[in-house]
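Notes for the one structure printed next.
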Amino acid sequence: MKKDIGKTFTIGILTSGGDAPGMNAAIRAVTRAAIANDMRVMAIYRGYEGLINDEVREFKTEDVSGIIQRGGTILKTARSKEFMTPEGRKKAFKVMQKRGINALVVIGGNGSLTGARLFAQEYDIPCIGLPGTIDNDLSGTDSTIGYDTTLNTIMECVDKIRDTANSHERIFFVEVMGRDAGFLAQNSAIAAGAEAAIIPEDSTGADQLEHFIGRGIRKSKSSSIVIVSESPKCGAMYYAERVKKEYPEYDVRVSILGHLQRGGSPSAGDRILASRMGMGAIQALLDGQRNVMIGIRDDEIVYVPFSMAVKSDKPLKKDVIDALNTLSI
Ligand code: F6P
């Protein structure tokens, strides 16, 4: 494969879906690793939408200077409905042909890599994915770019909430992002010393609120904090309303952290992960890989087939669940 790759080999790079801290570090790494290997880099703005609309320009090394520490994505991002249709993907392919783009590097989450997978199935274009999502819900990788920063952001917020919760002796339900996955909720609960986490992966069938109350809001504790994974029906508001009705003796408040969880300068961990994965994307192309996501397992860069990466059944480890239950007594 290396023989095909050289000055005429051009990669397109885009960010797609929800932004995540560390995406810029990944853009920088992909760009510089590609140029170091004599490839050209075409930056595509606004995700697949920008590819369809030909929002493309060449990137040189200086275009990615001074961005490793910046949150968000300098390429902008979008969730493209049009790319999810065969007609949209056809338009995107035509733009790639017009621009002479030979391979696509997509930085994004589940939906974005599903799009890349479809595209690669329909057209003879090597697609490489980088897991860029705060949710950590992609399989085959221990972590995703943005997850560590967001965990830290949530932890800092909950530390602050704890001060006021203690002062007023209140129960707080703190809602965090994660889409359908509880990694952010469960692990931020451990990091912040929360009393419980309510997560979508709970398969016990038990009422998670009853479980929390049943374990006792100990008298010796001045406050309780329950981290709740976002959910259209059973978010933090739902549980707070229930406590108000069913246990009126408790003083309850809700804090929905929202999009502040996605912003901010990436942690050292995310910058290093994004840098290694960005290098990994270019190495994958040199190795003749196509239709794989770059993952990290046991501190080694690995290639994960898209079909496995987007399966949406990444398990939360049992010891992580046990840790919160045991340590929050
Ligand atoms: O996938 C990342 C994520 O932040 C999810 O945790 C959340 O459910 C969703 O994106 C929010 O998307 P939007 O920014 O479009 O509201």
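The values are calculated or read from the model by the stated rules, or taken from the named source; none is laboratory data. These numbers were taken from a predicted model, which means no experiment stands behind them. Here the Cβ positions follow ideal geometry from the backbone for every residue, glycine too, while neighbour counts run over all protein chains shown. These area figures cover heavy atoms from the full protein model, side chains too; ligands, DNA and RNA do not enter into them. Shrake-Rupley method; radii C 1.70, N 1.55, O 1.52, S 1.80 Å.
To keep it simple, each residue is scored yes or no on (1) closer than 19 Å to M277 by Cα; (2) open to solvent by 10 Å² or more (accessible area, probe 1.4 Å); (3) within 16 Å of the ligand (Cβ to nearest atom); (4) within 17 Å of the chain's Cα centre (by Cα).
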| position | (1), (2), (3), (4) |
| --- | --- |
| A36 | yes, yes, no, no |
| E62 | no, yes, no, no |
| I67 | yes, no, no, no |
| S80 | no, yes, yes, no |
| G129 | yes, no, yes, yes |
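Working only within region 191-222, note down all residues that are in contact with a strand residue (DSSP E or B) (Cβ under 8 Å, 6 or more places away or on another chain) and of a type in the set (A, V, I, L, M).
Listed by number, the residues that qualify are A192, A194, A196, A197, I198, I199, L209, I217.
Is there a residue in region 154-166 that is modelled with pLDDT under 95 and open to solvent by 30 Å² or more (accessible area, probe 1.4 Å)?
At the first step, the residues of region 154-166 found to be modelled with pLDDT under 95 are none.
Looking through region 154-166, none of the residues is modelled with pLDDT under 95 and open to solvent by 30 Å² or more (accessible area, probe 1.4 Å).
Which numbered condition in (1) in contact with a helix residue (DSSP H, G or I) (Cβ under 9 Å, 6 or more places away or on another chain); (2) surrounded by 14 or more Cβ atoms within 10 Å (Cβ to Cβ); (3) over 21 Å from T10 (Cα atoms); (4) not basic (K, R) is the only one that A236 fails?
(1) is the only condition that A236 fails.
Across region 304-316, what is the number of residues that are surrounded by 19 or more Cβ atoms within 10 Å (Cβ to Cβ) and closer than 14 Å to L113 by Cα?
4
Against the definition (farther than 29 Å from A268 by Cβ and either within 16 Å of the ligand (Cβ to nearest atom) or of a type outside the set (S, T, Y) (or both)), how does N53 come out, yes or no?
Spelling it out, N53 is indeed farther than 29 Å from A268 by Cβ and either within 16 Å of the ligand (Cβ to nearest atom) or of a type outside the set (S, T, Y) (or both).
For D299, all conditions in the list (1) touching a residue at least 24 places away in the same chain (Cβ under 8 Å); (2) closer than 25 Å to A34 by Cα; (3) surrounded by fewer than 13 Cβ atoms within 10 Å (Cβ to Cβ); (4) not β-branched (V, I, T) hold save one; what is the number of the exception?
(1)
Condition check ((1) more than 16 Å from the ligand (Cβ to nearest atom); (2) outside any loop (DSSP other than H, G, I, E, B)) across all residues:
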| position | (1), (2) |
| --- | --- |
| D124 | yes, no |
| L138 | no, no |
| D142 | yes, no |
| V158 | yes, yes |
| S167 | yes, yes |
| G178 | no, no |
| I190 | yes, yes |
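Consider region 38-54. How many of its residues are under 19 Å from K91 (Cβ atoms), assigned to a strand (DSSP E or B) and open to solvent by 40 Å² or more (accessible area, probe 1.4 Å)?
0
Kindly check whether there is at least one residue in region 248-263 that is modelled with pLDDT under 95, surrounded by fewer than 16 Cβ atoms within 10 Å (Cβ to Cβ) and touching a strand residue (DSSP E or B) at 6+ places or on another chain (Cβ under 7 Å).
Yes.
Mind checking whether some residue in region 265-287 is of a type in the set (K, R), more than 17 Å from the chain's Cα centre (by Cα) and either closer than 17 Å to T144 by Cβ or crowded, with 16+ Cβ neighbours inside 10 Å (or both)?
Scanning region 265-287 turns up no residue that is of a type in the set (K, R), more than 17 Å from the chain's Cα centre (by Cα) and either closer than 17 Å to T144 by Cβ or crowded, with 16+ Cβ neighbours inside 10 Å (or both).
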